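A.B. asks: Attaching a single structure in structure tokens format; questions to follow.
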Amino acid sequence: MSRAAPTVAPQEAAHRRDLLRQMLLIRTFEDKCVELYSAGEIRGFVHLYIGEEAVAAGVNQALTADDNVVSTYREHGHALSRGLPVKAVMAEMFGKTTGCSRGRGGSMHLFDVSRRFYGGNAIVGGGLPLSIGIALADKLRGDRRVTACFFGDGAVAEGEFHECMNLAALWDLPVLFCCENNLYAMGTALERAQAQTDLALRAGSYGMPAWPVDGMDVLAVEHAARSAVEAIREGGGPHFLELKTFRFRAHSMYDPELYRDKSEVEEWKKRDPIDLLSVRMRDGGELTDADFEAMSKELAGEIDKAIVAARAAPTEPVEDLTRFVYSPEPS
Amino acid sequence: MTSAEMVKTTYREAMRAAIREAMQRDDRVFLMGEDVGRYGGCFAVSLGLLEEFGPERIRDTPLSESAFVGAGIGAAMAGMRPIVEIMTVNFSLLALDQIMNNAATLLHMSGGQCSVPLVIRMTTGAGRQVAAQHSHSLEGWYTHIPGIRVLTPATLADARGMLWTALQDPDPVLIFEHGSLYNMQGTLPADAGAVDIRSAAVRRPGTDVSLITYGGTLATTLAAADALATDGIDAEVIDLRSLRPLDDKTITDSVAKTHRAVIVDEGWRTGSLAAEVSARIMEQAFWDLDAPVERVCGAEVPMPYPRHLEQAALPQADAIASAARQAVG
């Protein structure tokens, strides 16, 4: 991406502002989650996406409301970019009935089938076969949807990953594989776990277009996702993006981060995806400090409202404990 | 029903007819699994269906149990009605993560949004000398999992009729077909169709002891009941049909009548389905019992290859009859 031209098309500027807003929404949401977690208001596992926001925001730009998304346990960003209401996601963190999974899923299992968001899967690689099946259903029906499946570098070590790459390519399925390579599978560095660390190369060996993308640059992510989705929709079969990114925070709230050097984290923070875009926008005259402040304030206000609503929201009645184990009997 | 309306068939053909009917009645139905197409199915269940329905709907898969079972789950979530065939229950362990962590779990963890109307068929059981990695009866394991149904068709009518009902169910259904049953011959009404998948069936009424079984050991248990009859013991034989959920009422009604129960289960004894049935009888019908519940189960050994050892590892009619005599006292 080149620096912004002296005269900026208003449409493009508005688009960049929207991307910035999305990333900032995710960041602000998760910063609040940290506070709420420390205060004991939300519990369980909370896997933060901070540092990786450009991936979710960029990929979602390439998808329509009619496309499908399958996600992981680190999916706050995917859900919010997909347009799940902040209130519903926050209420889910609180385990409330108004949550997007009625509070039964929590941070790792956000679902919204009305938005074709098929959930956070907390078994590494576990969402990959689901994406194959959803895409197969579309193909059998002749629907032209694309299914975007997010997963991390850790999933590439799972046998299921290789089964699914093969199946997607063999059956020519409309899947966009979005590998978020943040260099660590929990505490295990990529080079300590995988003999070949070029993940795009490995996916490519199954006979699908696959390439690495700067996952800190939201515009680069969007560009790559758009070209891949366009090709998939034209019948080009599955595509694989290796989105090179980094999580700035620990794996989960329980992780003391003994396995990596602080300097590595600091080095990556210099390429914070929100800074990268906002600096570019400031340089192009599209964004002032006041604009940024106002946007941050507005988002914080929206999230605070969601927190207030989540606190006040009802919980699932204990009498309903075993509801949704089986579908209700037809009346 | 006149004999003119009865047709000769086998368990295999009944199953095939059920798949064919489902494919004809519902465009959303497709069959997927290893060698279901060109090969005709490992046990020839789907023989000829590829020619009839084409490779999109009779879909051969690579040897990727986790991926194609998971793909069945995804397709079901997205509105299709897949039938996934796994060659044997032992191979299903490669897909256990998908069955347990996704198929059985998605509805609940999505707060009721993700229904998974999937049918998984697989072969189970021993008796064909295929040794320690193709012979086990692990359906009891699957009954541990809330969120799925577990069916065990043991008759031609159930082989013909359970599939369609299972496909109408909004939740995942696992159908276990005992490998020794495929060649079972008999007759069915020409218009045989869907059957209920919720109740157990009394296959032989009796008054002295309840012999409770399912699947591949139904025939053995009926043979034991015949042997007992010559001794003047009138055994009732119950075919559980659905292992999850269990039809408690049919079991306890029988025990209330006979006051004695023997459970026959090809699975390993420890932690078995037989243990679950026994516990339920204790919980719900303890005061009806005149004798301790007996169990006749598979020996706790990986299935050996030679015929004499395999047979020794399986519930046999004489052992069942002997347990029944013990109960009757």
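A.B. asks: Defining a contact as two alpha carbons under 8 Å apart and six or more residues distant in sequence, what relative contact order in percent does the stretch A:14-320 show?
C.D. replies: For the stretch A:14-320, the relative contact order is 24 percent.
A.B. asks: Select from A:TYR206, A:TYR49, A:TYR259 the residue whose mean-square fluctuation is largest in a Gaussian network model of chain A (Cα-Cα springs shorter than 10 Å).
C.D. replies: Among A:TYR206, A:TYR49, A:TYR259, the largest mean-square fluctuation in the Gaussian network model of chain A belongs to A:TYR259.
A.B. asks: Also, I was wondering about something else. With an 8 Å Cα cut-off and a minimum separation of 6 or more residues, compute the relative contact order for chain B in percent.
C.D. replies: Over chain B, the number comes to 16 percent.
A.B. asks: Past 31 Å, Cα to Cα, is the threshold; run A:LYS96/A:LYS297; A:LYS87/A:LYS262; B:LYS8/B:LYS249; A:LYS269/A:LYS305 against it and keep the listed order.
C.D. replies: Pairs exceeding 31 Å: A:LYS87/A:LYS262; B:LYS8/B:LYS249.
A.B. asks: Using DSSP, restrict attention to beta bridges with both residues in chain A and report what percent are antiparallel, rounded to the nearest 5.
C.D. replies: So the antiparallel bridges amount to about 10 percent of the total.
A.B. asks: Specify whether the C-alpha gyration tensor of chain B places it in the rounded, prolate or oblate class, a ≥ b ≥ c being the square roots of the eigenvalues: rounded for a/c under 1.5, otherwise prolate if a/b is larger than b/c and oblate if not.
C.D. replies: prolate
A.B. asks: Follow-up question, since we're still on this one. Which of the three applies to the stretch A:231-331, rounded, prolate or oblate, going by the alpha-carbon gyration tensor with a ≥ b ≥ c and a/c under 1.5 meaning rounded?
C.D. replies: Since a/c reaches 1.5 and a/b is larger than b/c, the shape of the stretch A:231-331 is classed as prolate.
A.B. asks: With no solvent and one equal point scatterer placed on each C-alpha of the stretch B:3-189, evaluate the Debye formula and give log10 I(q)/I(0) for q = 0.13 Å⁻¹, two decimals.
C.D. replies: Reported log10 I(q)/I(0), two decimals: -0.62.
A.B. asks: I need the phi-derived Karplus couplings for the stretch B:73-84: 6.51 cos²θ - 1.76 cosθ + 1.60, θ = phi - 60°, integer Hz, Gly and Pro marked x.
C.D. replies: 5, x, 5, 5, 4, 8, x, 8, 10, x, 10, 9
A.B. asks: What is the calculated FRET efficiency for B:ALA291 to A:VAL325, with r their C-beta to C-beta distance and R₀ = 35 Å, to the nearest 0.05?
C.D. replies: About 0.50, to the nearest 0.05.
A.B. asks: Please turn the phi angles of the stretch B:313-325 into ³J(HN,Hα) values with the Karplus equation 6.51 cos²θ - 1.76 cosθ + 1.60 (θ = phi - 60°), one per residue in order, whole Hz, x for glycine and proline.
C.D. replies: Once rounded to whole Hz, the list reads 7, 9, x, 10, 4, 5, 5, 5, 4, 5, 5, 5, 4.
A.B. asks: Also, I was wondering about something else. Need one word for the stretch A:83-200: rounded, prolate or oblate. Basis is the Cα gyration tensor (sqrt eigenvalues a ≥ b ≥ c); a/c below 1.5 gives rounded, then a/b vs b/c decides.
C.D. replies: Note, shape of the stretch A:83-200 comes out oblate.
A.B. asks: Label-point separation (nm) for A:SER38 and A:ASP304, each offset 7 Å from Cα along Cα-to-Cβ?
C.D. replies: It is 1.8 nm.
A.B. asks: Continuing with this model, one more query. What length, rounded to one decimal in nm, is gained on full extension from A:TYR254 through to A:ALA157, with 0.36 nm per residue of separation minus their alpha-carbon distance?
C.D. replies: My answer for the length gained is 32.6 nm.
A.B. asks: Relative contact order, percent, of the stretch B:3-189 when contacts are C-alpha pairs under 8 Å separated by at least 6 residues?
C.D. replies: Averaging sequence separation for qualifying contacts and normalising by length gives 27 percent for the stretch B:3-189.
A.B. asks: Averaged over every viewing direction, what's the projected area of the C-alpha convex hull for chain A? Give it in nm², one decimal, please.
C.D. replies: Across all orientations, chain A yields a mean hull projection of 18.6 nm².
A.B. asks: Based on the Cβ-Cβ distance of A:GLU266 and A:ARG21, what FRET efficiency does E = 1/(1 + (r/R0)^6) give at R0 = 35 Å, to the nearest 0.05?
C.D. replies: After rounding, the FRET efficiency stands at 0.85.
A.B. asks: For a quick size check, give me the Cα extents of the stretch A:287-331 along its three principal axes, largest first, whole Å.
C.D. replies: 58, 21, 16
A.B. asks: Taking every DSSP beta bridge with both residues inside the protein assembly as shown, roughly what % is antiparallel (nearest 5)?
C.D. replies: So the antiparallel bridges amount to about 20 percent of the total.
A.B. asks: Determine one quarter of the surface area of the Cα convex hull of the protein assembly as shown, which equals its mean projected area, and express it in nm² to one decimal.
C.D. replies: Over all viewing directions, the protein assembly as shown projects a mean Cα-hull area of 33.2 nm².
A.B. asks: Indicate, rounded to the nearest 5 percent, the antiparallel portion of the DSSP beta bridges found entirely in the stretch B:201-328.
C.D. replies: The antiparallel fraction comes to roughly 20 percent.
A.B. asks: Given the -39500 (n - 2.57) contribution per DSSP H run of 4+ residues, what per-residue ellipticity at 222 nm results for the protein assembly as shown, rounded to the nearest 500 deg cm²/dmol?
C.D. replies: After summing the helix terms and dividing by the residues of the protein assembly as shown, the value is -12000 deg cm²/dmol.
Every number here is computed from the coordinates shown, using simple stated rules; none is lab data. The structure presented is a predicted model; accordingly, all values stated were derived computationally and were not measured. FYI the Cβ positions are ideal-geometry reconstructions off the backbone, even for glycines, and counts take in every protein chain you see.
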